[in-house]
1. Could you please find all residues in the stretch 54-84 being among the charged types (D, E, K, R) and closer than 14 Å to residue 99 by Cβ?
2. For the stretch 23-32, which residues satisfy the criterion of being loosely packed, with under 10 Cβ neighbours inside 10 Å and either of a type in the set (A, V, I, L, M) or in contact with a Gly (Cβ under 6 Å, 6 or more places away or on another chain) (or both)?
3. Would you check which residues across the stretch 102-120 are more than 30 Å from residue 32 (Cα to Cα) and either polar (S, T, N, Q) or not in a strand (DSSP E or B) (or both) and list them?
4. Go through (1) at pLDDT 85 or above; (2) under 20 Å from the mean Cα position of the chain (by Cα) for residue 28 and report which single condition fails.
5. Is it the case that residue 96 is surrounded by 14 or more Cβ atoms within 10 Å (Cβ to Cβ), more than 14 Å from residue 150 (Cβ to Cβ), over 23 Å from the mean Cα position of the chain (by Cα) and hydroxyl-bearing (Ser, Thr, Tyr)?
6. So which of 85, 67, 81 ends up being in contact with a strand residue (DSSP E or B) (Cβ under 8 Å, 6 or more places away or on another chain), at pLDDT 85 or above and loosely packed, with under 12 Cβ neighbours inside 10 Å?
7. In the stretch 112-138, which residue that is among the aliphatic types (A, V, I, L, M) and either under 18 Å from the mean Cα position of the chain (by Cα) or outside the structural domain of residue 102 (by TED's automatic domain parsing) (or both) is farthest from residue 94 (Cα to Cα)?
Amino acid sequence: MSCRWIPWAFAGSLAIVVVVNGALAYFAVSSSTGLVNDHPFEAGNGYNRVLDAAAAQDALGWHGDVRFTPAGAGKGEITARFTDRDGRPVTGLSVTAHVVRPVESLPAATVALSETAAGRYAADTLLARPGQWEVRLAARRGADLFEIAQRIIVQ
């Protein structure tokens with residue numbers, strides 16, 4: 001009985017392993033990195049500023065709520081309500097919404113919300129396509145800053 005095929009079986013198995021590893025390496029390098037920042041090291045070094053801003057926001061005692069009311073294809077109204085720690089409306093804010101698409105790189109929409117009632121701010125918006133969007137609100141009054149982010153679904 002001839003055993004000449006045994007070395008070829010080992011060589012064939014090794015070739016399969018090399019091809020599979022090469023394919024996996026290619027897909028790992030060519031796919032999305034998952035990074036949300038072009039300079040993650042520098043962003044990580046500035047994380048103490050993020051923590052300080054979060055502590056200042058917590059000290060304000062404000063609470064925020066964001067809603068999206070659809071009004072047609074890609075259209076709708078972004079509404080935000082702000083209250084203080086006692087549940088009273090927070091008035092006199094300058095509110096800006098930055099609306100981004102988290103799953104693809106479409107141009108972001110920036111919308112200024114107007115105060116329509118005590119503690120209630122709203123603006124109409126038109127977004128590029130239906131699906132999931134993230135609304136990042138920045139509410140300012142003097143030196144006070146309150147930020148909130150919430151995902152919305154656009155029909």
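The values are calculated or read from the model by the stated rules, or taken from the named source; none is laboratory data. As the structure is a computational prediction, the values presented were derived from the model and not from experiment. Glycine also receives a Cβ, built like all others from the backbone with ideal geometry; neighbour counts cover every protein chain displayed.
1. As a first pass, look at the stretch 54-84 and keep what is among the charged types (D, E, K, R): 58, 65, 67, 75, 77, 81, 84.
Passing the criteria: 67, 75, 77.
2. Of the stretch 23-32, the ones loosely packed, with under 10 Cβ neighbours inside 10 Å are 27-32.
Result: 28, 29.
3. Result: 114, 116, 118, 119.
4. Every condition holds for residue 28 apart from (2).
5. On the way: surrounded by 14 or more Cβ atoms within 10 Å (Cβ to Cβ): yes; more than 14 Å from residue 150 (Cβ to Cβ): yes; over 23 Å from the mean Cα position of the chain (by Cα): no; hydroxyl-bearing (Ser, Thr, Tyr): yes.
In short, no.
6. Values: 67 fails: loosely packed, with under 12 Cβ neighbours inside 10 Å; 81 fails: loosely packed, with under 12 Cβ neighbours inside 10 Å.
Just a single option satisfies the conditions, and that option is 85.
7. Just the residues of the stretch 112-138 that are among the aliphatic types (A, V, I, L, M), to begin with: 112-113, 117-118, 122-123, 126-128, 135, 137-138.
So of that shortlist, the ones also either under 18 Å from the mean Cα position of the chain (by Cα) or outside the structural domain of residue 102 (by TED's automatic domain parsing) (or both) come out as 127-128, 135, 137-138.
Working: 127: 22, 128: 25, 135: 16, 137: 10, 138: 8 Å.
Restricting to residues being among the aliphatic types (A, V, I, L, M) and either under 18 Å from the mean Cα position of the chain (by Cα) or outside the structural domain of residue 102 (by TED's automatic domain parsing) (or both), the top hit is 128.
Residues checked against (1) more than 23 Å from the chain's Cα centre (by Cα); (2) surrounded by 10 or more Cβ atoms within 10 Å (Cβ to Cβ); (3) modelled with pLDDT under 90:
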| site | (1), (2), (3) |
| --- | --- |
| 21 | yes, yes, no |
| 34 | no, no, yes |
| 41 | no, no, yes |
| 45 | no, yes, yes |
| 50 | no, yes, yes |
| 54 | no, yes, yes |
| 57 | no, yes, yes |
